[in-house]
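For reference, the structure is listed below as structure tokens.
We did not get these values from a lab; they are worked out from the coordinates using the rules stated. Since we're looking at a predicted model, the values are computed, not measured. Glycine also receives a Cβ, built like all others from the backbone with ideal geometry; neighbour counts cover every protein chain displayed.
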Amino acid sequence: MSTAQLISTILYYAAAFIAVIFVLVPHEFAHAFVAYKNGDWTAKINGRLTLNPLKHLDPLGLVMVALVGFGWAKPVPIDSRNFKNYKVGLFTTAIAGICANLIIAFIVYPLYRVCVIYLPSNYGTYFLEMLLQLIFSYSLSIAVFNLIPLYPLDGFRIVESLTKTYNRGRRFLERYGQWILLGLIAESFICGILENYIAVFGYLDILGYVMQFAVRIVGYPITALWGLIL
């Protein structure tokens, strides 16, 4: 590996870890803030109504996002019994993090475009471009990943807010969701490694397709709109 390649690799991973902070922290803060506005003080009492990364980041989830594009932070403690309106509180709190990530993606993409078009080419510009590009792609990935209706993701909370308590499908997702999710993450991680040796494994990465959908399809309206302006 040449010196230039080594520097680029170091800058990439530095940008990746910083990008994770800009993606996961607002996501969790949004959950805490909306829950608070709906009448639940649990997150505030536990010190989670803050943008302090140390209060939100989970070491393993942080590494997973930086390495494979999806992961998690420490779940915000919420007691839905405190909501002024149970259904509304549960639904709005569940989608708050997803909405925060979509907003971040919308704001960051034009900044990325400005860097690519107007800034001179050097290591500083490379780092900034990579940082903004990763914040954009991670924001979309985390938003779509959390829409998967498996416990304990936000998608399950959305299902929970829209269904009856004794719904069989909901109870199945709650009971087995985390195990299915861990299986999907493990499968994606293994496929990512084996793909380097046998290309066909790249086509078996289920969560990989979810991430591609996030950036290419969900992100398309954002890139298309700003592409017309910049």
Based on the alpha-carbon gyration tensor of the range 134-207 and its eigenvalue square roots a ≥ b ≥ c, which shape applies: rounded if a/c is under 1.5, prolate if not and a/b is larger than b/c, or oblate? oblate
Gap in Å between the Cα centre of the range 187-203 and the Cα centre of the range 13-47? 32 Å
Build a GNM of the chain with springs between Cα atoms under 10 Å: which of R216, R157, R168 gets the top mean-square fluctuation? R168
Could you check which residue among S161, S137, S121 shows the biggest mean-square fluctuation in a GNM of the chain with a 10 Å Cα cutoff? S121
Which of the lysines could be linked to K164 by a straight reach, that is with a Cα gap under 26 Å, when you skip same-chain ones fewer than 8 residues away? K37, K84, K87
Considering only the other residues whose Cβ falls under 13 Å of the Cβ of T50, what net charge follows from Lys and Arg at +1 and Asp and Glu at -1? +3
Rounded to the nearest 500, what is the chain's calculated 222 nm mean residue ellipticity when only DSSP H runs of at least 4 contribute -39500 (n - 2.57) each, over all residues? -23500 deg cm²/dmol
Where labels lie 7 Å past Cα in the beta-carbon direction, separation of I229 and A199 in nm: 4.0 nm
Cβ-placed point charges (K, R +1; D, E -1), dipole of the chain about Cα centre in debye, nearest 20: 880 debye
Note down the relative contact order for the chain as a percent, whole number, built from C-alpha pairs under 8 angstrom at least six residues apart. 20 percent
Under a cut-off of 19 Å between alpha-carbon atoms, report the lysines in cross-link reach of K55, not counting same-chain residues fewer than 8 places apart. K44, K74
For D58, other-chain or 5+-apart residues with amide H closer than 5 Å (H placed, Pro excluded) are K74
